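**Q** Just passing along the structure, written as structure tokens.
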Amino acid sequence: MKSKWTAPGVIVSVAFCANAVAQSSDALLDKLVEKGILTVKEANELKEESDKGFTTYQVKSGMPDWVSALKFNGDFRGRYEGFYADNPAFVDRNRFRYRLRFGATATLQDDFEIGLRLSSGDPVGGFSVNSGNPVSGNTTLQDNASRKFIYVDLAYAKWAPVHTPDWSGSVSFGKMENPFVFSHIIFDPDYNPEGLAVQLAYNIGANHALKLNAGAFVLDELASFANDPYLGAAQLRLDSTWNKKIATSLGVSALAIKSGHNLVNGNVPNVNRGNTRDVSGAPVSNFNPIVGDASLTYTLESFPAYAGAFPIKAGGDFMYNGGADSKNKAFSAGVAFGKAGKKRLWEISYQYRYLGADSWYEELPDDDFGAFYEVQQANAGFAGTGAGYGGGTNVRGHVIKAGYSPYDSLTLSVTYFDAKLIDPNPAGSRSSIRHLLADVMWKF
């Protein structure tokens, strides 16, 4: 009996520490019920005590009674980053960086949610000191310990009125986490779009789920042009669990950028490069690609030196942009063993990527996957800020990653990129870049 009530007692104590109860106590109680440590009745009684604790906090803080929960979260990542090349025109680089994110999510009555997250980040060079990098929250240690920038990373409202055993649905507006399931050849993992998104899911029995994700996003607002550039996308997915060992995921998506000719480098933060452009700096191709993706996960019951069921996942995606006459294909394929993120779990993965120069808008893919442009020819059709490293499109190569989580809160990882330009600039130049990331990340 003593061990039976020790964990719930701790939960009740934490529950009266204001917001902590909203974050974790319900999930912990559900897990204790699942393991048979608590009965459903006992868990419900403790939840009632937790709710009373939050109500007391509401009264003392003046929080409106329609706020049912307030959750804080965040992470800190320290990074060593190195760039290495065989071309003598490239100067090898070594730098240290950090990313700090801190957010709050308020759950309201009537199925509403409001979210805010702040993030570190460097201003985008050559564009505006007021604009942060849209595909990175990293801040470089430099400039004699100068004060660093903080940006709004998320700011959104969400309404989720549909939540039955078979159906779920939500609508989000603002600057939000990416609502789509795409690989890094489509969107950088740090890219948070701005606009409107709709998500709908239907459970086909207990083992299959059909999901629809759709959105319309603003790429820029131009005071001197009538046609602002927008991004629209729709994605249909089928996620299936066939048995305890086998799961699959299939997806088909359509994306389109309206008024892409106004996405000249002077109008938006110029981080990546690769698209073919005209003499004014505008992309010469339209961007309306179709994307297909598939993955298979096989889970072993156990694996040496791995604390839990061991997933092995193989998958890939293919993108074809009908808006470009050539250089209009992109794909990735890879395999991952394990999954870090929880105590004593690890992962090792490999992926090959190929992004044709005009397969997709250059500013959206992973900026860590890039190569070396030896020169920047005037109006040559390759966007960028001159000679140097550039992520985006017109690049192909390999990505290897390894990670280990000694604790639930801490993950150590190393990522190695070995990439080169599909069409070197100038032709025949050595464009290969070896890019190394060594990360230590704490989450809270």
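**Q** Can you give me the C-alpha center-to-center distance between the range 305-346 and the range 228-293, rounded to a whole angstrom?
**A** After rounding, the separation between the Cα centres reads 18 Å.
**Q** Quick one: what are the phi-derived ³J(HN,Hα) couplings along the range 79-93, Karplus 6.51/-1.76/1.60 with θ = phi - 60°, whole Hz, x for glycine and proline?
**A** 9, 9, 9, x, 10, 9, 9, 8, 6, x, 6, 9, 9, 4, 10
**Q** Can you work out the Karplus-derived ³J(HN,Hα) for every residue in the range 163-176? Use 6.51 cos²θ - 1.76 cosθ + 1.60 with θ = phi - 60°, whole Hz, and x for glycine or proline.
**A** Here the 3J(HN,Hα) series is 7, 10, x, 9, 10, 9, x, 8, 10, 10, 9, x, 9, 10 Hz.
**Q** Separate question: Hey, in the GNM for the chain with a 10 angstrom Cα cutoff, which one of Ala256, Ala282, Ala145 fluctuates hardest?
**A** Ala145
**Q** Quick one: 3J(HN,Hα) in Hz for the range 306-318, Karplus 6.51/-1.76/1.60 with θ = phi - 60°, rounded, Gly and Pro as x.
**A** Ordered by residue, 3J(HN,Hα) equals 10, 8, x, 4, 10, x, 10, 10, 10, x, x, 8, 9 Hz.
**Q** Got a number for carbon plus sulfur as a percent of the chain's accessible area, 1.4 Å probe?
**A** Carbon and sulfur atoms account for 60 percent of the accessible area of the chain.
**Q** Springs between alpha-carbon atoms under 10 Å, Gaussian network over the chain: tell me which of Gly62, Gly322, Gly78 tops the mean-square fluctuations.
**A** Comparing Gly62, Gly322, Gly78 in the GNM, the peak value goes to Gly62.
**Q** Could I ask something else about it? Hey, what D do you get for the chain in µm²/s if you plug the Kirkwood alpha-carbon radius into Stokes-Einstein at 20 °C and 1.002 mPa s?
**A** 89 µm²/s
**Q** Using a 1.4 angstrom probe, figure out how much accessible area the chain has per residue, in square angstrom, rounded to the nearest whole.
**A** 50 Å²
**Q** Could I ask something else about it? Evaluate Rg over Rh across the range 104-240, taking Cα atoms for both radii and Kirkwood's formula for Rh.
**A** 1.04
**Q** Here is a follow-up. Amide H to amide H under 5 Å from Arg344: which residues, 5+ apart in sequence or cross-chain, H placed 1.01 Å off N in plane?
**A** Ser405, Tyr407
**Q** Moving on to the next point. What is the helix-to-structure angle for 2-15, meaning the angle in degrees between its Cα long axis and the longest Cα principal axis of the chain, kept from 0 to 90 and rounded to the nearest 10?
**A** 60 degrees
**Q** Go ahead and set up a Gaussian network model of the chain, Cα springs under 10 Å, then flag whichever of Glu45, Glu221, Glu194 fluctuates most.
**A** Glu45
The values are calculated or read from the model by the stated rules, or taken from the named source; none is laboratory data. As the structure is a computational prediction, the values presented were derived from the model and not from experiment. Side chains are part of the model used for accessible areas, which takes the heavy atoms of the whole protein and leaves out ligands, DNA and RNA. Shrake-Rupley method; radii C 1.70, N 1.55, O 1.52, S 1.80 Å.
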